[in-house]
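Engineer: Pasting in a structure now, in structure tokens, and then I'll have a few things to ask.
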Amino acid sequence: MQSRDQLKTYKGAAGGWGALKSCAQVLWRTTNPVTGAYTVSKSNQPDGFDCPGCAWGDPEHGSSFEFCENGVKAVAWEATDKRVTPAFFAKHSVRDLLRFSDMELESAGRLTQPMRYNPVSGHYEAVSWAKAFEDIGKHLKALDSPDEALFYTSGRTSNEAAYLYQLFGRVFGTNNFPDCSNMCHEASGVALGASIGIGKGTVRLEDFEKAEAIFVFGQNPGTNHPRMLTSLREAHERGARIVAVNPLKERGLERFSDPKNKLEMLTGGSRPIATSYFTPKLGGDMAMLRGMAKAIFAWDAERILQNGTIDRAFIAEHTNGFEDYEAAVEQTTWSHIEEQSGLTKQQIEDAALIYVQSSATIFTWAMGITQHAHSVVTIRELANLLLLRGNIGKEGAGACPVRGHSNVQGDRTVGINEQPPSWFLDNLEKLYPFKAPRSHGLNTVQAIEAMRDGTAKVFIGMGGNFARATPDTAVVEKALRNCALTVNIATKLNRGHLITGKASYILPCLGRTEFDEQASGRQLVSVEDSMSMVHGSAGINPPASEHLLSEPAIVAGIAKATVGSELVDWDSLIANYDDIRVLIEKTVPGFAGYNERVRVPRGFYLGNSAAQRKWKTHSGRAEFCAAALPAQTVYQRTLASKEPTFTLQTIRSHDQYNTTVYAMNDRYRGVKGLRHVVFMCEADMERLGLVKGDLVDMRTVSEDGQERVARRFVIAPFEIPVGCVASYYPETNVLVPLYARGEGSYTPTSKSIPVTITRSEPAQTA
Ligand code: SF4
């Protein structure tokens, strides 16, 4: 089949029959459809488990169907009947497995036993838990410094496992806790911390029912937070303005057919989502926001609205730095704003008018905002606009960075942080008589550099697919292979497990859907969503294998073998996770009565100081940020290049969750059976003399002289601004240099990579 036949413009709405069909297909492919459907039905239910997908919130009075198409994929993927046993590894060497695609590796099924890599045979071989823990402990104890070890966390890890993991690492003596949020919302944490004194969103799910306007920046909820479409649609239907700001015209932001709406399903109907859609250039969001502020200040001076367009009472009572900000806005020229944003003054004024006509506005955002060099000041500009109209600490208003992983926010809350606040370490030292490490640890990019340079020798991964989720694939793979030991705790096999250190272990853990039996009986774990709601999660299925251990039990096993049990009685904490929650309660504010409150259906609200207009900043007030716009974005720099150069953003397909590829399709973007695809607008295709289906190579315009190339990608026409292109990760992470990171966040700038695009050489025929 010609590639071009696999690219057809999608005409339907998001959701609808397409979603149901896709759910049925994944259940059919992976599980016994009956037990699979039953498992899915318990997703996000008070007597069930938390969906291992994204971190969108659960409605207080949720229905019995609180899941979306991608939630079904995540659950079915974990609850699969397929198994990866020692026999599988005996049949396939690591070299063989490296030829499998990401999807083929994960499709193979659930890991069943602890495996140790044998460099002589080149195969993973079964090993006992005791032997694995003992050997891992030996490696850790043999290090010259605890800072030669890295404890990586993916956002699927529960609060209980994450707290135990950080306790072990700190008793061991390091703050090296790189985690997946370093690559996603780190800039949100840094920016909001500086602006409003807390690095989390200030809104609750109920606020979406009261907002008069909701701006969705750099986010594709139709794929990455699908249940958010329900909140947006309901808001639209009650007259709220829904403003989408995204370079890509995403179907989920245009039309949604609710699978729970019988009439719509019968008639094939759907409802619009966005009332306005703005498509700035990649990296142009800050300029758009600065332009909105410029219009608002001008209108305030002209008093176009009776009460003005700026909430001066709020500003006087609660903020700092307003005058400096006003001056910065004044000094920013419209020509700079228009060129950088790629939007006209009129378009930006249209957006600003929607904003000032609303008395309660929510800003939501995701990776399209956080993965640029200037993301921290962009998010501070989001906060500036919210502060200008007092839209923080007010019903129906506030900041909402929507997290991509079910517990990435919770992990940070309970201590997965390479820069822990001193109060956290003080509280740990009150619980256990030890000296907690005080020097800051390594984040994800720094961890890669340390492994590359040999200053880190042991990598332990709690979930995730480090080698595929991180930038500069060739560098990362070499860095991991440089390690004395790599350990991956996981439910399913992935490519990261095949990039081995000198010694390597795969430790299979229980999934979120499975019950976790410990000495005191079945255990409950807990997670925190993007709205700071903490809720319990209890598996409902028997474990995929009798050999599996829970994440907390695996941490305890490694900890006992490394630091012993003199200081911390790991076994008693494993026997009953209530005791871990008691420790969390004594370490982190907001968790009082944790064990009682976590058992309340739908859990409890952790609270948010900024939502109470208590500003935990250095000044005790909300802080405006008077940063100037970047002189030039990557996009603007590409305009000056002699040869055609594009700004690439890496994205997910609709059949993908982080690095997990469920299928080779991307329904809403009209892609079938392809992963090596690059989306480009018709005007750029014409400029390059390319047509749909042509094969091209993408090459990074590298500053370090390193060649970074991704070959034979299929050109797919798509509505995207001129000069901007998009392609899937992890396949294009090879193009993202390690040095390309956010100022103040260290987040890889995966949304703005300068690349050249040339026609691929014809395939060599034998
Ligand atoms: S919106 Fe997110 S949390 Fe909710 S069911 Fe879908 S993937 Fe799971």
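The values are calculated or read from the model by the stated rules, or taken from the named source; none is laboratory data. These figures come from a predicted structure and were not determined experimentally. Glycine gets a Cβ as well: all are built from the backbone with ideal geometry, and neighbour counts include every protein chain shown. Surface accessibility is based on the protein's heavy atoms, side chains included, excluding ligands, DNA and RNA. Shrake-Rupley method; radii C 1.70, N 1.55, O 1.52, S 1.80 Å.
Engineer: Could you work out the relative contact order of the chain, using alpha carbon pairs under 8 angstrom and six or more residues apart, expressed as a whole percent? Display every interim value, and only then the final one.
Structural biologist: Numbers: 1722 pairs, mean separation 162.6, N = 766.
Once normalised by length, the contact order is 21 percent.
Engineer: Here's a follow-up. Using 0.36 nm times the number of residues separating R83 and A592, minus their current alpha carbon distance, what extension gain do you get?
Structural biologist: Full extension from R83 to A592 adds 179.2 nm.
Engineer: How big is the dipole moment of the chain about its Cα centre under a simple scheme where the beta carbon of each Lys and Arg is +1, that of each Asp and Glu is -1, and everything else is neutral? Debye, nearest 20, please.
Structural biologist: With only Lys, Arg, Asp and Glu charged at Cβ, the dipole is about 1320 debye.
Engineer: Also, I was wondering about something else. Pull out the extension gain between L266 and K21, defined as 0.36 nm times the separation in residues minus the alpha carbon to alpha carbon distance; nm, one decimal.
Structural biologist: Extra length from L266 to K21 when fully extended: 86.7 nm.
Engineer: Also, I was wondering about something else. Sort Y432, Y163, Y38, Y739 by heavy-atom solvent-accessible area, probe 1.4 angstrom, most to least. Can you show the working numbers first?
Structural biologist: Numbers: Y432 30, Y163 0, Y38 120, Y739 75 Å².
Ranked from most to least accessible, the order is Y38, Y739, Y432, Y163.
Engineer: What pairs in K672/K692; K42/K82; K394/K751; K281/K692 have C-alpha atoms more than 25 Å from each other?
Structural biologist: Flagged as over cut-off: K394/K751.
Engineer: With a cut-off of at most 13 other beta carbons within 10 Å, and DSSP calling the residue loop, which trypsin sites (Lys or Arg not before Pro) in segment 415-515 qualify? Please list them.
Structural biologist: Passing both the DSSP loop test and the Cβ count: K435, R438.
Engineer: Applying 1/(1 + (r/R0)^6) with R0 = 51 Å to the Cβ-Cβ distance of V34 and A484, what FRET efficiency is obtained, to the nearest 0.05?
Structural biologist: 0.60
Engineer: Something else about it: For an R0 of 25 angstrom, estimate the FRET efficiency from the Cβ-Cβ distance between S335 and A683 and round to the nearest 0.05.
Structural biologist: Numbers: r = 23 Å, r/R0 = 0.91.
Once rounded, the FRET efficiency stands at 0.65.
Engineer: Okay, moving on. DSSP beta bridges in segment 457-546, what fraction antiparallel, as a percent rounded to 5?
Structural biologist: Numbers: 6 of 18 bridges.
The antiparallel fraction comes to roughly 35 percent.
Engineer: With the cut-off at 1.5 for a/c, could you classify segment 186-402 from its C-alpha gyration tensor as rounded, prolate or oblate?
Structural biologist: prolate
Engineer: Given a 1.4 Å probe and heavy atoms of the protein chains only, how would you sort L639, L442, largest accessible area at the top?
Structural biologist: L639, L442
Engineer: Let me ask you something else. Ranked highest first by average number of other Cβ atoms within 10 Å, how do 313-323, 201-211, 234-244 line up?
Structural biologist: 201-211, 234-244, 313-323
Engineer: If you take every DSSP beta bridge fully contained in the chain, what fraction is antiparallel? Give it as a percent rounded to 5.
Structural biologist: So the antiparallel bridges amount to about 40 percent of the total.
Engineer: Within the accessible area of segment 186-402, what % is carbon and sulfur when the probe is 1.4 Å and the other protein chains stay in place? Intermediate values should be presented prior to the final figure.
Structural biologist: Values: 3330 of 6880 Å².
Solvent-exposed carbon and sulfur of segment 186-402 make up 48 percent of the total.
Engineer: Using the C-alpha atoms of segment 2-78, what convex hull volume per residue, in cubic angstrom, is computed?
Structural biologist: Working: hull volume 9.6 nm³, N = 77.
Per residue, the Cα convex hull of segment 2-78 comes to 125 Å³.
Engineer: For S93 paired with H547, estimate the spin-label separation in nm (one decimal), with each label point 7 Å from Cα along the Cα-to-Cβ line.
Structural biologist: 2.2
Engineer: State to the nearest 20 debye the size of the charge dipole of segment 375-532 about its Cα centre, where the only charges are +1 on K and R beta carbons and -1 on D and E beta carbons.
Structural biologist: It comes to approximately 320 debye.
Engineer: Also, quick follow-up: Place the peptides 593-606, 340-353 in order of packing, highest mean first, counting for every residue the other Cβ atoms within 10 Å and averaging per peptide.
Structural biologist: Answer by packing, highest mean first, reads 340-353, 593-606.
Engineer: Keeping the other protein chains in place, figure out the carbon and sulfur percent of the accessible area of segment 579-729, with a 1.4 Å probe.
Structural biologist: On the way: 3260 of 6190 Å².
Exposed carbon and sulfur together represent 53 percent of the surface.
Engineer: In segment 1-154, with Lys and Arg counted as +1 and Asp and Glu as -1 at Cβ, which of these residues, A87, F65, I136, has the Cα nearest the positive end of the dipole, that is, farthest along it?
Structural biologist: A87
Engineer: Still on this model: Provide the per residue accessible area, probe 1.4 Å, for the chain, rounded to a whole number of square angstrom.
Structural biologist: Per-residue accessible area for the chain comes out at 35 Å².
Engineer: Ranked highest first by average number of other Cβ atoms within 10 Å, how do 8-17, 373-382 line up?
Structural biologist: Highest to lowest by the protection proxy: 373-382, 8-17.
Engineer: What is the dipole size for segment 2-78, taken about its Cα centre, with +1 at each Lys and Arg Cβ and -1 at each Asp and Glu Cβ, in debye to the nearest 20?
Structural biologist: Dipole of segment 2-78, to the nearest 20 debye: 600 debye.
Engineer: Carbon and sulfur together cover what percent of the accessible area of segment 2-78 at a 1.4 Å probe radius?
Structural biologist: 61
Engineer: List the aspartates and glutamates whose Cα lies under 13 Å from the Cα of K478, skipping any in the same chain that are fewer than 8 positions away.
Structural biologist: Cross-link targets: E449, D453.
Engineer: So how do E643, E186 rank on accessible area, 1.4 Å probe, biggest first, that is with the largest at the start?
Structural biologist: Details: E643 105, E186 20 Å².
Largest to smallest exposure gives the sequence E643, E186.
Engineer: Given labels modelled 7 Å from the Cα in the Cβ direction, how far is it in nm from S128 to A142?
Structural biologist: Going by the 7 Å Cα→Cβ label model, 2.1 nm.
Engineer: So which aspartates and glutamates can K91 reach, going by Cα to Cα under 14 Å and dropping same-chain residues fewer than 8 places off?
Structural biologist: Leaving aside aspartates and glutamates fewer than 8 places away in the same chain, those within reach of K91 are E125.
Engineer: Please give every one of the lysines within straight-line cross-link reach of K435, meaning a C-alpha to C-alpha distance under 19 Å, and leave out same-chain neighbours fewer than 8 residues apart.
Structural biologist: Output for K435: K141, K560, K586.
Engineer: May I pose another question? Calculate the spin-label point distance for L305 paired with E234, positioning each point 7 Å from the Cα along the beta-carbon direction, and give it in nanometres.
Structural biologist: Label at E234, label at L305, 2.6 nm between them.
Engineer: Would you work out if the chain is rounded, prolate or oblate? Take a ≥ b ≥ c from the square roots of the eigenvalues of the alpha-carbon gyration tensor; rounded if a/c is under 1.5, else prolate when a/b is larger than b/c, oblate otherwise. Walk me through the intermediate numbers first.
Structural biologist: On the way: a/c = 1.44, a/b = 1.22, b/c = 1.18.
Rounded, because the longest to shortest axis ratio a/c is under 1.5.
Engineer: Take the alpha carbon atoms of segment 380-429, find their center, do the same for segment 139-174, and report the distance between the two centers in whole angstrom.
Structural biologist: Centre-to-centre (Cα) distance: 23 Å.
Engineer: Rounded, prolate or oblate: which fits segment 634-759 when a ≥ b ≥ c are the square roots of the eigenvalues of the alpha-carbon gyration tensor, with rounded for a/c under 1.5 and prolate only if a/b beats b/c?
Structural biologist: Oblate shape, in that a/c is at least 1.5 and b/c is the bigger or equal ratio.
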